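In what follows, a single structure is set out as structure tokens and then discussed.
The values are calculated or read from the model by the stated rules, or taken from the named source; none is laboratory data. Because the structure is a prediction, the values reported are computed rather than measured. Heads up, the Cβs are rebuilt from the backbone with ideal geometry, glycines too, and the neighbour counts pull from every protein chain shown.
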Amino acid sequence: MPVFNGREYLDAALRSLQAQTHPYDELVVVDDGSTDGAGALLDRWAAREPRIRVIHQENRGLPQALNVAWRAARGEWLARMDADDVARPHRFEFQLRYLHENPDIVCLGSAVEVIDPRGRSLSRGFPPAEHADIDARLLQGYGSALYHPTIVLRRATLEAIGGYREEVEMEDLDLFLRLAEHGRVHNLLEVLLDYRLHLRSTNHRRRERHVHMVQACVADALRRRGLDPAQAERLELPERHDTLSAVYADWSCKAFQYHHFRTGCLHAANAWRAGGLKAEGWQRAAKCLKYGLHCWGESQHAQIHR
């Protein structure tokens, strides 16, 4: 578990690991130069839980912290976890059982419940289950074909592919593409993690820069596979949400789609407020509420015809 200024959600993440039906052997946490008190909180946890090992370092970035963590781990199996997410109680039990039953799988992820900063449900993320479909999505530039905080894999697998490449900014997409070249990757369609969205985690990179980084990762993968790397220049990537108003509007629509109507209305209001007096805010909010009414109508129609 890498941590950088994650104190706000850290207790919930650690409690969820303590509650696993299949207990973990050790938890290696890398405090990557936190300045919000996360390091001290981790030390308090480690003082009363001998399975937790905390490594403090200056801030060096996520890929480097991940490499420090897995190289310090002593177990055969490695599970990723972020400091702002919550593992469901059966996560390790279900994943390890499946991996033991399917030894050819080199990396196993799962579906997720997408939650907002306060833990309110927004939507669910169901990635493709089978290797061919996951790999195809990765080659299209979709790193969410595997949710990074859900993966479990063998330590030997990470050693074989050289771990995370620290010079690559899209370290998750790059890792997944190399894993898919090494062996079979798979997703369980059970929801085994609450995947938290919050404003601090929202990626506000300019779309042009994001597209360039994704294209570079995919081009590298195509080159390794003996294919034409120029194909990466033709990727069709989804829209990036680069303003607060757009982020809240996205959360609102996610919530409405999954019939979380109170949460959808809340984030529609947030989209309006974040837009200030500009037309952007109220236009986004109006579109969200219109979509919410459509979803509500569909839900009522479905109930009537049950």
Residue pairs meeting the criteria (Cβ under 6 Å; at least 6 apart or on separate chains; first under 24 Å from ARG262 (Cα atoms), in segment 221-249; second hydroxyl-bearing (Ser, Thr, Tyr)): VAL247/THR202
Candidate set: segment 1-26, residues that are free of Cβ contacts under 8 Å to residues at least 40 places away in the same chain and either in contact with an Asp or Glu (Cβ under 9 Å, 6 or more places away or on another chain) or among the aliphatic types (A, V, I, L, M) (or both); chosen: the one surrounded by the fewest Cβ atoms within 10 Å (Cβ to Cβ): GLN18
Filter result for PRO103 (over 29 Å from ARG234 (Cβ atoms), without any contact (Cβ under 8 Å) to a residue 12 or more places away in the chain and either aromatic (Phe, Trp, Tyr) or outside the structural domain of ALA271 (by TED's automatic domain parsing) (or both)): yes
Exclusive hit being farther than 28 Å from GLU190 by Cα, in contact with a helix residue (DSSP H, G or I) (Cβ under 6 Å, 6 or more places away or on another chain), of a type outside the set (Ser, Thr, Tyr) and touching a residue at least 40 places away in the same chain (Cβ under 8 Å), set ALA65, ALA87, ALA38: ALA38
Which numbered condition ARG137 misses (of (1) under 17 Å from GLU76 (Cα atoms); (2) over 14 Å from the mean Cα position of the chain (by Cα)): (1)
Residues located in segment 57-86, provided they are small (Gly, Ala, Ser) and either under 23 Å from MET170 (Cβ atoms) or surrounded by 22 or more Cβ atoms within 10 Å (Cβ to Cβ) (or both): GLY61, ALA65, ALA69, ALA79, ALA83
Every pair of residues 6+ apart whose Cβ atoms lie under 6 Å, when the first sits in segment 266-278 and is in contact (Cβ under 8 Å) with a residue 24 or more places away in the chain while the second is among the charged types (D, E, K, R): ALA271/ARG284
Test: residue in segment 34-51 that is surrounded by 17 or more Cβ atoms within 10 Å (Cβ to Cβ) and within 22 Å of LEU158 (Cβ to Cβ): no
Among (1) under 18 Å from TYR24 (Cα atoms); (2) out of contact with any Asp or Glu (no Cβ under 7 Å at 6 or more places or on another chain), the one test that ARG154 misses: (2)
Residue that is in contact (Cβ under 8 Å) with a residue 40 or more places away in the chain, more than 30 Å from GLN215 (Cβ to Cβ) and not β-branched (Val, Ile, Thr), where the choices are HIS294, HIS259: HIS259
